[in-house]
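Let me begin by presenting the structure, written as structure tokens, before commenting on it.
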Amino acid sequence: MERTYIGKLKEKVGEEVMICGWVDVRRDHGKLVFIDLRDATGKIQMVALPSHKEAHESVQKLRSEWVVEMTGKVNKRPEKMINHKEQNGELEIEILSATVLNEATTPPFDVTSDGMEIGEESRLKYRYLDLRRQRLQKNIRLRHEIIRFIRNNLSDEGFVEIETPILTKSTPEGARDYVVPARLYHGKFYALPQSPQQYKQLLMVAGFEKYFQIARCFRDEDTRGDRQPEFTQLDIEMSFVRKEDVMNLIEGLLIKLVEKLAPEKRIQQKPFPKITYKDAMEKYGIDRPDIREDRNNPNLLAFCWVVDFPFFEKTDTGGWTFTHNPFSRAIPEHEDQLMKKDNLGDILTTQYDIVLNGFEIGGGSIRNHRPEALEKVFEIMGFETDRIKRNFGHMLDALGAGAPPHGGIAWGLDRLVTVLTNEPNIREVIAFPKTGEGRDLMMESPSQIESKQLKELGLKVVE
Ligand code: ASP
């Protein structure tokens, strides 16, 4: 007999079926033994009757989380027994046989609840069990639907999905890099990308014009509730665009995505309001304002754009650094000022941030596509000509090789999914997240490596 998925049982009423899955719960009422069976598509209540002696006996041995193959007859429940709240609440399978495919140790915690009552350490240590719970199955599946929606939509719009390297070079994006020692070049290191920023700009120089990637990014920062050492961005770059073109594309995509995949949500205002950095600071005291008119409504989505950020801010040591992205372009009215290094604190950048319910879910800008302007930004940051050439020579060369005007954006995908699923933190929407302290409790990472590996890499650990 061919396997039937539990989600397809409605089409099989009156028929004999074979189903496979995990024992969700077993309720032994003596004469009647009930098994709730679960597979990737849902749950079904099954019952073993004493009249099918063999099946009745084998079912008594089953325990939670055992993996089984069962055959049975799909019956309609009598009207009184129908449970309208359940997916298969009008059905029940009369068990004809039960085969154990694998036994399971007693799970360290309940996987049938929403899991909020269980300590996170334990949930993360046994993540493969934790992921069995319905809430997480739903989150990870919605995440997939969101990514699929983005891929299809952007592909239809002529975007090309291009992978960029994970082993790369330090980029000055404001955070600390994760580094990987190079075995063949002792004393030299790759860095994991904080974002594919430079590569996506180089793809514009290469003439792709519309690029996207569901990109993994790595930043070695102290983790917080909504941060992870590695996270996922929807990364986009486009050529021959103005700021408005990128913003309109993103706004349209977000609205369509919410309407299709989170129809229970209401978007407070369309088009999304645009707030200048100055107004946001004056009115809300923060550059990612939560403008919801009703904070008790979990289904309200208040998107807004924040624009006109200062390009530079003072460093602790009295120099200047960029507020967002060194590759950004100043607003057209301030380009001269940048070239003359005049009143640096007043220069505004083309940066636009997209904010949702007080979370910055993305940001981007139009870039400096002329090498002189990018060089000027580095000069302002106090980099010597030598260092600019050493670190960014490739970018300056590329911009000098016929770079089109271009700009882009990146969304934090984890945060967006977190808001759409009403979860309290991004660890609930990532299959295998790290703890708040950056540890993977299941794999026990970070971990020591063999002394042979250290030797090959030319490394010594300082105790
Ligand atoms: N690379 C930027 C970031 O990760 C986003 C962008 O400007 O496209 O924040």
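The values are calculated or read from the model by the stated rules, or taken from the named source; none is laboratory data. None of the values given here were measured: they were computed from a predicted structure. For neighbour counting, all protein chains shown are included, and Cβ atoms are generated from backbone atoms with ideal geometry for every residue, glycine included. SASA here: full protein model, heavy atoms, side chains in, ligands and nucleic acids out. Shrake-Rupley method; radii C 1.70, N 1.55, O 1.52, S 1.80 Å.
Overview of values
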read-out	value
Residues of segment 98-121 satisfying the condition of being out of contact with any Ser or Thr (no Cβ under 7 Å at 6 or more places or on another chain), more than 30 Å from residue 50 (Cβ to Cβ) and loosely packed, with under 15 Cβ neighbours inside 10 Å	113, 114, 116, 117, 119, 121
Index of the failed condition, residue 355 passing every other in (1) more than 25 Å from residue 382 (Cβ to Cβ); (2) within 11 Å of the ligand (Cβ to nearest atom)	(2)
Residue list for segment 189-215, restricted to those being touching a Ser or Thr at 6+ places or on another chain (Cβ under 6 Å), outside any helix (DSSP H, G or I) and within 13 Å of the ligand (Cβ to nearest atom)	193, 194, 196
Test set (1) of a type in the set (Asp, Glu); (2) open to solvent by 40 Å² or more (accessible area, probe 1.4 Å); (3) over 18 Å from residue 211 (Cβ atoms) - residue 130 fails condition number	(2)
Positions within segment 216-245 being farther than 16 Å from residue 427 by Cβ, out of contact with any Lys or Arg (no Cβ under 8 Å at 6 or more places or on another chain) and assigned to a loop (DSSP other than H, G, I, E, B), in sequence order	240, 241, 242
Close pairs (7 angstrom Cβ cut-off, 6 or more residues apart or separate chains): modelled with pLDDT of 95 or more in segment 283-296, open to solvent by 60 Å² or more (accessible area, probe 1.4 Å) anywhere	287/277; 287/281; 288/359; 288/360
Segment 314-331 - residue that is open to solvent by 30 Å² or more (accessible area, probe 1.4 Å) and within 16 Å of the ligand (Cβ to nearest atom) and, of those, farthest from residue 352 (Cα to Cα)	321
Filter result (crowded, with 16+ Cβ neighbours inside 10 Å and either part of a loop (DSSP other than H, G, I, E, B) or within 15 Å of the ligand (Cβ to nearest atom) (or both)) within segment 172-183	172, 173, 177, 178
Test: residue in segment 231-239 that is away from the ligand (no atom under 13 Å from the Cβ), at pLDDT 95 or above, open to solvent by 40 Å² or more (accessible area, probe 1.4 Å) and hydroxyl-bearing (Ser, Thr, Tyr)	no
Test result for residue 296, closer than 28 Å to residue 251 by Cβ, polar (S, T, N, Q), more than 15 Å from the ligand (Cβ to nearest atom) and in a loop (DSSP other than H, G, I, E, B)	yes
Selected residue [within 17 Å of the chain's Cα centre (by Cα), of a type outside the set (Phe, Trp, Tyr), surrounded by fewer than 14 Cβ atoms within 10 Å (Cβ to Cβ) and within 30 Å of residue 261 (Cα to Cα)] from 227, 216, 135, 141	141
Checking residue 169 against (1) open to solvent by 70 Å² or more (accessible area, probe 1.4 Å); (2) under 30 Å from residue 124 (Cβ atoms); (3) modelled with pLDDT under 95, the condition it does not meet	(2)
Residue among 397, 353 that is farther than 30 Å from residue 134 by Cα, outside any loop (DSSP other than H, G, I, E, B), open to solvent by 30 Å² or more (accessible area, probe 1.4 Å) and not basic (Lys, Arg)	397
Segment 358-376: number of residues that are more than 17 Å from residue 239 (Cβ to Cβ), open to solvent by 10 Å² or more (accessible area, probe 1.4 Å) and either in a strand (DSSP E or B) or within 16 Å of the ligand (Cβ to nearest atom) (or both)	3
Test: residue 69 is of a type in the set (Asp, Glu), under 28 Å from residue 135 (Cα atoms) and touching a strand residue (DSSP E or B) at 6+ places or on another chain (Cβ under 7 Å)	yes
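Each row is one residue, and each column tells you yes or no for (1) surrounded by fewer than 19 Cβ atoms within 10 Å (Cβ to Cβ); (2) assigned to a loop (DSSP other than H, G, I, E, B); (3) hydrophobic (A, V, I, L, M, F, W, C); (4) within 16 Å of the ligand (Cβ to nearest atom).
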position: 272; (1), (2), (3), (4): no, yes, yes, no
position: 279; (1), (2), (3), (4): yes, no, no, no
position: 287; (1), (2), (3), (4): yes, yes, no, yes
position: 333; (1), (2), (3), (4): yes, no, no, no
